[in-house]
Amino acid sequence: MSDGSVKMKMPELKSSFWMILSGIFGILALGFLVGLLIVNGKLQNAKAELALSQQDNLVMQKQMERERGQYEETLALLSSQVASNIVKNEADEAKKMPTTLPVVGKAVIEEEPGNDANQEEPVIVFQLDKNTQMVAAGAGVVEGVFTDSKYGYKVVIDHGNGYKSIYFGKGSPKVKESAEVIPGTLIYEITSNNSKCAFQITLDGVFVDPMTLLQING
């Protein structure tokens, strides 16, 4: 009886063993599947975060490009303004130089620097006809209007750069003290023929030869 019982229980033990083993494999397979799903989910999240990061980088890159473009435009505008200001300042400084011939109309240079008597205070003396004008040789401010025993009046213009130009004439001065002038501003208007006017230039208080500065054509 006992041998038969043992023979009957062996198949049952084998069957139970395979059932347990199958259960273990099932649990392992389920665990693997769950792990795979978790890893896949994390992978998807990582891809989404990467895509979002790339999108953020793209947005940031575009923003940086816009800012760089704005910066370049601003820089170009500032450079243009600086260049324009430099040109304007240079033009303004050029206008201050007493280089314009101070007479408009029929005029003859009767006396010019070079004679011994004129070395300390070089002067140009013009002989002018009626309706000829004596004008400012450069931009500046009228420092003063004075009477002169030889010519009648003397007008002094300060050009603001160390230079001063001096105009002598018998006509009534057309400018007043502190008036601003530009090249060609009327100083005297000659009302009679054979009138004499004189012109001088100083630099830092020292007389200089006007002929070295004036632009005389013809």
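The values are calculated or read from the model by the stated rules, or taken from the named source; none is laboratory data. What you see is a predicted model, and the numbers here were worked out from it, not measured in a lab. Cβ atoms come from the backbone with ideal geometry, glycine included; neighbour counts cover every protein chain shown.
Descriptive notes on the structure:
- SER149 being in contact with an Asp or Glu (Cβ under 9 Å, 6 or more places away or on another chain) and hydroxyl-bearing (Ser, Thr, Tyr): no
- Single unsatisfied condition, SER149 versus (1) surrounded by fewer than 17 Cβ atoms within 10 Å (Cβ to Cβ); (2) in contact (Cβ under 8 Å) with a residue 12 or more places away in the chain: (2)
- Close pairs (9 angstrom Cβ cut-off, 6 or more residues apart or separate chains): aliphatic (A, V, I, L, M) in segment 25-36, surrounded by fewer than 10 Cβ atoms within 10 Å (Cβ to Cβ) anywhere: none
- Within segment 199-218, the set of residues being buried (at least 17 other Cβ atoms within 10 Å of the Cβ) and more than 19 Å from GLY140 (Cα to Cα) comprises ASP209 only.
- Of the residues making up segment 186-203, those that are part of a loop (DSSP other than H, G, I, E, B) and at pLDDT 95 or above number 0.
- Residue match in segment 116-125 (condition: of a type in the set (D, E, K, R), part of a loop (DSSP other than H, G, I, E, B) and exposed (fewer than 12 other Cβ atoms within 10 Å of the Cβ)): yes
- Within segment 170-185, being of a type in the set (Val, Ile, Thr), crowded, with 17+ Cβ neighbours inside 10 Å and not in a strand (DSSP E or B) holds for VAL175, THR185.
- Flag for GLY162 being exposed (fewer than 14 other Cβ atoms within 10 Å of the Cβ) and more than 14 Å from THR185 (Cα to Cα): yes
- Matching option when the condition is surrounded by 22 or more Cβ atoms within 10 Å (Cβ to Cβ) and either under 39 Å from the mean Cα position of the chain (by Cα) or among the charged types (D, E, K, R) (or both), among TYR188, TYR167: TYR167
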